[in-house]
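Below you'll find the structure, written out as structure tokens, and then a few comments.
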Amino acid sequence: MENSRGAIACDVINLILGALLFLSPWLFAFAPGAESWNAWIAGGIIVVLSVSALSAFAEWEEWINLIVGLWAIVSPWVLKFSGDSTAVRTDMIVGVIVAILAAIEIWLMHGAPPRLTEAR
């Protein structure tokens with residue numbers, strides 16, 4: 001899995017998404033507070049993990065990306081964002097894509113489940 005083009009593509013996409021999430025408070029004028037801090041921290045973690053995965057792949061990076069992606073999805077409600085729908089949408093969209101890519105990489109790393117064979 002380390003050298004596959006799919007894994008590299010997923011990591012590059014995650015790098016771009018993490019950078020977008022990190023920059024989103026400035027790009028979309030988030031309200032100061034939880035919305036901005038959450039985007040900076042989650043985006044920064046995604047960027048660091050993506051760069052790390054591009055240099056030396058490790059499974060734990062994908063698991064943390066999955067957790068951070070899931071956090072980005074639920075964080076608007078956990079942190080009670082101040083009604084900024086742009087921040088909610090940005091966190092949710094980036095979180096869903098990051099979580100899906102991480103889940104796909106984990107699944108590909110362990111291979112497809114064994115096929116069921118018919119008993120003869």
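The values are calculated or read from the model by the stated rules, or taken from the named source; none is laboratory data. Treat the numbers as computed from the prediction; the structure is a model and nothing was measured. A quick note on method: Cβ atoms are made from the backbone with ideal geometry, for glycine too, and the neighbour counts reach across all protein chains shown.
Can you name the residue in region 80-112 that is surrounded by fewer than 14 Cβ atoms within 10 Å (Cβ to Cβ) and among the hydrophobic types (A, V, I, L, M, F, W, C) and, of all such residues, is modelled with the highest pLDDT?
Taking region 80-112 and keeping what is surrounded by fewer than 14 Cβ atoms within 10 Å (Cβ to Cβ), we get 80, 82-83, 85, 89, 100, 107, 110-112.
Within this subset, residues satisfying the condition of being among the hydrophobic types (A, V, I, L, M, F, W, C) are 100, 107, 112.
Numbers: 100: 95, 107: 84, 112: 56.
Selected residue: 100.
Look at residue 23 and say whether it is part of a helix (DSSP H, G or I) and either modelled with pLDDT under 90 or exposed (fewer than 15 other Cβ atoms within 10 Å of the Cβ) (or both).
Values: part of a helix (DSSP H, G or I): yes; either modelled with pLDDT under 90 or exposed (fewer than 15 other Cβ atoms within 10 Å of the Cβ) (or both): yes.
Against the criterion (part of a helix (DSSP H, G or I) and either modelled with pLDDT under 90 or exposed (fewer than 15 other Cβ atoms within 10 Å of the Cβ) (or both)), residue 23 qualifies.
Touching a Leu at 6+ places or on another chain (Cβ under 6 Å) and farther than 30 Å from residue 111 by Cα: which single residue out of 34, 29 fits that description?
Details: 29 fails: touching a Leu at 6+ places or on another chain (Cβ under 6 Å).
Just one listed residue meets the conditions, 34.
Please enumerate the residues belonging to region 43-75 that are of a type outside the set (A, V, I, L, M, F, W, C), crowded, with 23+ Cβ neighbours inside 10 Å and over 11 Å from the mean Cα position of the chain (by Cα).
75
Six or more apart or on different chains, Cβ atoms under 6 Å: show the pairs whose first residue is in region 98-111 and aliphatic (A, V, I, L, M) and whose second is not in a helix (DSSP H, G or I).
Between residues of region 98-111 that are aliphatic (A, V, I, L, M) and residues that are not in a helix (DSSP H, G or I), the close pairs are 108/1; 109/1.
Looking at residue 11 and the list (1) farther than 20 Å from residue 108 by Cα; (2) in contact (Cβ under 8 Å) with a residue 24 or more places away in the chain; (3) in a helix (DSSP H, G or I), which single condition is not satisfied?
Checking residue 11 against (1) farther than 20 Å from residue 108 by Cα; (2) in contact (Cβ under 8 Å) with a residue 24 or more places away in the chain; (3) in a helix (DSSP H, G or I), the one that fails is (1).
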